[in-house]
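*Asks:* Following this message is one structure expressed as structure tokens.
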Amino acid sequence: IPAVFAADAPAPEPVTVVRAGRLIDVAAGRVRTDQVILIQGGKIVAVGPAVGTAIPDGANVVDLSGKTVLPGLIDTHTHVTGDPSLPPYYDYGISAPREALKGARFARETLLSGVTTIRNVGASGYADVALRDAINAGDVIGPRMLVSGPSIGITGGHCDNNLLAPEFHERSDGVADGVDEVRAMVRKNVKYGADVIKYCGTGGVFSKGTRVGAQQYTPEEVAALVDEAHMHGRKVAVHAHGANGIKVALKAGVDTIEHASLIDQEGLDLAKKNGAYLSMDIYNTEYTQTEGPKRGEMEEFLRKDREVAQAQRDNFRKAVQMGIKLTMGTDTGVHRHQDAPKQLAFMVQYGMTPMQAIQAATKVGAEALGIEAEVGQIAPGYSADLVAVTTDPLADMHAMDAVEFVMKQGVVYKR
């Protein structure tokens, strides 16, 4: 038996200690003052009062004693490879590799804004899968990513591309019609690395010729899609503005409703009963209406955005009042990636308490994504994903518009 010496044992991983002047405990819904967070191996190992907590010798100390510290933000609806500065037809000149490389830039912007976890719900050519894998391998920096690959949709619907004339035979990656094609497309996305299945259940704002509220897919097709995805252990997110498409999705057992702009009372009741999550992008119309005309956005798209914007915000308020589970889903890619945290102030404006908004963007978002044991709280065993601001966000949520400190998995990216 070979002898084992102390020198042969691996050295313990270094310890980082974060001093937090104010720490937002999202699980308890309260603020704790003068706390220390012990971090090792990218995870939180202990949290407690500064008085009485021993600091290990040689620990790297990060002093945030003058700031409010909260968990890294979670954005449940992004298009991280999308460039919001480009007019519609310019997308035809962007290959999937180029899209992924744009995504590397936008992923960095996302992380530095304070969003440490995203769910990406739509990218062509599996560019988001490639980006996720590059981040996980350390090739580029960015948030933790759950990705869908190409969104699934009907011919001519919101997840198709309807901008070219018929002779070009344009068809988006995720187009599938009928029960058999829908099941096959779910299997294809799972095969090529999707963490979540995203489909379009109604028309949309940024799709030529679709009506925002119009249902897409029959109940039979939706039931097959959700069944197939759940069989493979994947949650399902549905793009759905219109009331009927929302209800078809909820009756089939969908996990999250994206946008939910025109949801009716029956849909709200179903969401509450089923425990489904609503991911409502109530900030981005500010960007679309001010910047869209400058980039040559189609008037059809601008008109549809105007038509649903206030209805969506009013329905967000109703959902808050009913106690329906709501996440922070911003639709970045439609607007600037670094502006995702700006939605938090709008969530407060439309009915949430500041604590509820922060919980939506942390603990509740993690639950919606099925990763609530890994992220979304500052507690032992959780990934060391932290952000900090000087101004108290519970007093002024616009503090989150410009996050000052970002840590992901114990690594400081912004200070």
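The values are calculated or read from the model by the stated rules, or taken from the named source; none is laboratory data. Values in this document were obtained by computation on a predicted structure and should not be read as measured data. Here the Cβ is made from the backbone with ideal geometry for all residues, glycine too, and neighbour counts use every protein chain on show. Only protein heavy atoms, including side chains, enter the accessible area calculation; ligands, DNA and RNA are left aside. Shrake-Rupley method; radii C 1.70, N 1.55, O 1.52, S 1.80 Å.
*Asks:* How much length is gained if the chain between R32 and F168 is pulled fully straight, taking 0.36 nm per residue apart and subtracting their Cα-Cα distance, in nm to one decimal?
*Replies:* 42.9 nm
*Asks:* Y413's amide H: which non-local residues (gap 5+, or another chain) put their own amide H closer than 5 Å, with H modeled 1.01 Å from N in plane and none for Pro or chain starts?
*Replies:* V406, M407, K408
*Asks:* For segment 72-82, take each phi angle, set θ = phi - 60°, evaluate the Karplus expression 6.51 cos²θ - 1.76 cosθ + 1.60, and give the result in whole Hz per residue in order, putting x for glycine and proline.
*Replies:* Calculated HN-Hα couplings, in order: x, 6, 10, 10, 8, 8, 10, 10, 5, 8, x Hz.
*Asks:* Show me, bin by bin at 5 Å from 0, the whole-percent P(r) of segment 36-75 based on Cα pairs.
*Replies:* Once binned at 5 Å, the Cα pair distances of segment 36-75 give 5, 17, 28, 28, 14, 5, 2, 0.
*Asks:* Taking Cα atoms, how many degrees apart are the long axis of helix 265-274 and the longest axis of the chain, rounded to 10 and kept between 0 and 90?
*Replies:* With both axes taken from Cα atoms, the answer is about 40 degrees.
*Asks:* What residue among D281, D83, D63 has the largest mean-square fluctuation in a Gaussian network model of the chain, using Cα springs under 10 Å?
*Replies:* Ranking D281, D83, D63 by mean-square fluctuation puts D63 first.
*Asks:* Please check: in the Gaussian network model of the chain (C-alpha springs, under 10 Å), which one of I24, I197, I55 has the largest mean-square fluctuation.
*Replies:* I55
*Asks:* Fully extended, how many nm does the chain gain between K318 and K272 (0.36 nm per residue separation, minus their Cα-Cα distance)?
*Replies:* Here the segment from K318 to K272 would lengthen by 15.4 nm.
*Asks:* Moving on to the next point. Amide H neighbours of V62 under 5 Å, counting only residues 5+ apart in sequence or on other chains, H built in-plane at 1.01 Å?
*Replies:* Excluding prolines and chain starts, which carry no amide H, the hits are V17, V18, R19.
*Asks:* Additional query: Keeping all protein chains in place, calculate the accessible area per residue for segment 301-415 (probe 1.4 angstrom), answer in Å².
*Replies:* Per residue, segment 301-415 has an accessible area of 35 Å².
*Asks:* Sticking with this structure for a sec: For segment 1-110, what class follows from the C-alpha gyration tensor (a ≥ b ≥ c being the square roots of its eigenvalues): rounded when a/c is under 1.5, otherwise prolate if a/b is larger than b/c, else oblate?
*Replies:* oblate
*Asks:* For the pair H398 and Q289, how long in nm is the line joining their label points, each one 7 Å along Cα→Cβ?
*Replies:* Between H398 and Q289, the label points sit 1.8 nm apart.
*Asks:* Another question about this same structure. For S124, what accessible surface area do you get with a 1.4 Å probe? Give it in Å², rounded to 10.
*Replies:* Answer for S124: close to 50 Å² accessible.
*Asks:* Which whole-angstrom value gives the distance between the alpha carbon centres of segment 196-219 and segment 25-76?
*Replies:* Here the answer is 43 Å between Cα centres.
*Asks:* Is the shape of segment 227-367 rounded, prolate or oblate, going by the alpha carbon gyration tensor and its root eigenvalues a ≥ b ≥ c, with a/c under 1.5 for rounded and a/b larger than b/c for prolate?
*Replies:* In terms of gyration-tensor shape, prolate.
*Asks:* Right, something else. Round to the nearest 10 and report in Å² the accessible area of M400, as given by a 1.4 Å probe over the protein chains' heavy atoms.
*Replies:* Rounded to the nearest 10, the figure is 0 Å².
*Asks:* Just the Cα atoms of segment 85-239: what Rg and Dmax do they give in Å?
*Replies:* Looking at segment 85-239, its Cα Rg and Dmax stand at 15.7, 45 Å.
*Asks:* How much length is gained if the chain between E307 and T218 is pulled fully straight, taking 0.36 nm per residue apart and subtracting their Cα-Cα distance, in nm to one decimal?
*Replies:* My answer for the length gained is 29.5 nm.
*Asks:* At what distance in nm do the modelled label points of N136 and V61 sit from each other, each positioned 7 Å from its Cα along Cα→Cβ?
*Replies:* 3.8
*Asks:* Let me ask another. Quick one: if you stick a label point 7 Å off each Cα along the C-beta vector at K414 and E372, how many nm between them?
*Replies:* 2.8
*Asks:* Give the ranking of H241, H398 by solvent-accessible surface, highest area first, calculated with a 1.4 Å probe.
*Replies:* H398, H241
*Asks:* Which angle between 0 and 90 degrees, to the nearest 10, do you get for helix 127-136 versus the longest principal axis of the chain when only C-alpha atoms count?
*Replies:* Compared with the principal axis, the helix lies near 10 degrees.
*Asks:* Another question about this same structure. For a Förster distance of 41 Å, can you work out the FRET efficiency between the beta-carbons of E13 and T353, rounded to the nearest 0.05?
*Replies:* 0.60
*Asks:* Sticking with this structure for a sec: Can you give the angle from 0 to 90° between the axis of helix 96-112 and the longest principal axis of the chain, with both taken from C-alpha atoms, to the nearest 10?
*Replies:* Rounded to the nearest ten degrees, it is 40.
*Asks:* Output ³J(HN,Hα) for segment 358-375: one whole-Hz value per residue in order, computed from phi by the Karplus curve 6.51 cos²θ - 1.76 cosθ + 1.60 with θ = phi - 60°, and x for Gly and Pro.
*Replies:* 5, 5, 4, 8, 9, 4, 5, x, 5, 5, 4, 8, x, 10, 5, 8, 10, 9
*Asks:* Amide H to amide H under 5 Å from K67: which residues, 5+ apart in sequence or cross-chain, H placed 1.01 Å off N in plane?
*Replies:* G21, R22
*Asks:* If you count only protein heavy atoms and use a 1.4 Å probe, how large is the accessible surface of E286, to the nearest 10 Å²?
*Replies:* 70
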